[in-house]
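K.L.:
Below is the structure I would like to discuss, written out as structure tokens.
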Amino acid sequence: MSAAAAPRYRAIDVLRGMTVALMIVVNMSLSETLSFAPLLHSAWDGFTLTDAVFPTFLFVVGASLAFTAERYAREGAAAYARRIGNRSLRIFLCGLVVSNFPFFTIVHGHIVVQPVETIRIMGVLQRIALAYLIAAGLLYRVSWRGVLAYSAAALIGAELVAQFGGDHSLTGNAAARIDYALLGAGHLYQLEGAPFDPEGLLGTIPASVNLLAGYLATRFLRHRAAIGANRSSGGIATRDLLAMTGVGLALMLGALMLKTGIPINKKLWSISYTLLTIGIDVVLLAAMVQIVDRWSVRAGTAYFELFGKNALVVYMVAELAMNMGWTLHIGATPLLRWVYDTGFAWIGGKTASLVYALVFTQACWMLAWFLDRRRIYVRL
């Protein structure tokens, strides 16, 4: 079996779908007091379930790249650069829309258009676009050994800049200083009243390593399938998945050893955070391949697979709807909060906001289901 003929794993679509679903649930958080702690980001140092979501999405973007980069490369350097550049640009521009939509606020009943000088430049999709551009550009020129070398250099280099370019505070860290200098305070996310973007420029460098880790893990799976290991179960032997699990656990252990000197910090995308999330995702992918592709479990997995087939579109629609829900008001109450107060608050406690988030996520799943039924698959 050639690399090109190696199977495409359903596990990747399922993992992508699970990630998108969880992204929607956690982004529906109404407030710290109404949400369960695992569904909130760490205030600064630390790690929660929510902190694992974004790097997992980057990981599965890299996993998909393992199926497309080789095919694009066969078209030649110019065509490859055009494909990668155009896709990165489309994702970045979509991110600009999502980060700033609906481009107006309502003040005392009057619509106030957002000034250009306050447009947020970076964001989740923008970081995906830049990480994808870095990773895909690298893959055209280097082998897996070069990817490993870049990953080590990127992680160490970014951490050195963070350590020596600023302190560990919200306003004095190196990432904030770089974004402030290159993008301007007005174009940054406002975190606790200070101009700091958790999806800023410096953190995008180590974030590209999360994406490349997804590529490497999937290339490993395809390589094992291509050389004919245990063909009867999709070309992947138990020992291959155990090897992946071992690597993932080693990365997690390394992160925990580093955290005493370099705290796990999602907003700064520290080296300990990067290693921890890559380790988690490698173990997750191995587990999902075992469950979905080797055991052929469909109960529950098909639900998330639908999310994964139109992941970026469903995520964008969810974010745009939430943004509009916070902008429009019923009286003095944001529409999103009014729906909660009217239809879900009676449930009581933090369970009420979780049910609200799950209902909204189910509505987004219905969109994914509709698109799949119509065989509509949007690729940015």
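The values are calculated or read from the model by the stated rules, or taken from the named source; none is laboratory data. Keep in mind that this is a model prediction, so the values were computed, not measured. Every residue, glycine among them, receives a Cβ derived from its backbone with ideal geometry; neighbour counts consider all protein chains shown. For accessibility, only protein heavy atoms count, side chains too; no ligands or nucleic acids. Shrake-Rupley method; radii C 1.70, N 1.55, O 1.52, S 1.80 Å.
K.L.:
Working only within the range 253-274, note down all residues that are open to solvent by 10 Å² or more (accessible area, probe 1.4 Å), in contact with a Leu (Cβ under 6 Å, 6 or more places away or on another chain) and free of Cβ contacts under 8 Å to residues at least 40 places away in the same chain.
P.N.:
254
Here's the yes/no breakdown for (1) outside any helix (DSSP H, G or I); (2) on the phi > 0 side of the Ramachandran plot; (3) in contact with a strand residue (DSSP E or B) (Cβ under 8 Å, 6 or more places away or on another chain):
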| position | (1), (2), (3) |
| --- | --- |
| 98 | no, no, no |
| 102 | yes, no, no |
| 106 | yes, no, yes |
| 111 | yes, no, yes |
| 117 | no, no, no |
| 126 | no, no, no |
| 129 | no, no, no |
| 134 | no, no, no |
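K.L.:
While we're looking at this one, here's another question. Give me the residue from the range 278-337 that is small (Gly, Ala, Ser) and in contact with a Leu (Cβ under 6 Å, 6 or more places away or on another chain) and, out of that set, farthest from residue 216 (Cα to Cα).
P.N.:
My answer is 325.
K.L.:
Among (1) of a type outside the set (Val, Ile, Thr); (2) surrounded by 20 or more Cβ atoms within 10 Å (Cβ to Cβ); (3) not in a helix (DSSP H, G or I), which single condition is residue 54 missing?
P.N.:
All conditions pass for residue 54, except number (3).
K.L.:
Being under 22 Å from the mean Cα position of the chain (by Cα) and open to solvent by less than 10 Å² (accessible area, probe 1.4 Å): is that true of residue 249 here?
P.N.:
Criteria not met by residue 249.
K.L.:
Quick one: is residue 130 more than 17 Å from residue 201 (Cβ to Cβ), crowded, with 20+ Cβ neighbours inside 10 Å and under 23 Å from the mean Cα position of the chain (by Cα)?
P.N.:
No: the conditions fail for residue 130.
K.L.:
For the range 216-233, indicate whether the set of residues that are open to solvent by less than 20 Å² (accessible area, probe 1.4 Å), of a type in the set (A, V, I, L, M), closer than 15 Å to residue 286 by Cβ and modelled with pLDDT of 90 or more is non-empty.
P.N.:
yes
K.L.:
While we're on this one: Checking residue 342 against (1) within 18 Å of the chain's Cα centre (by Cα); (2) open to solvent by 30 Å² or more (accessible area, probe 1.4 Å); (3) of a type in the set (Ser, Thr, Tyr), only one condition comes out false. Which one?
P.N.:
(1)
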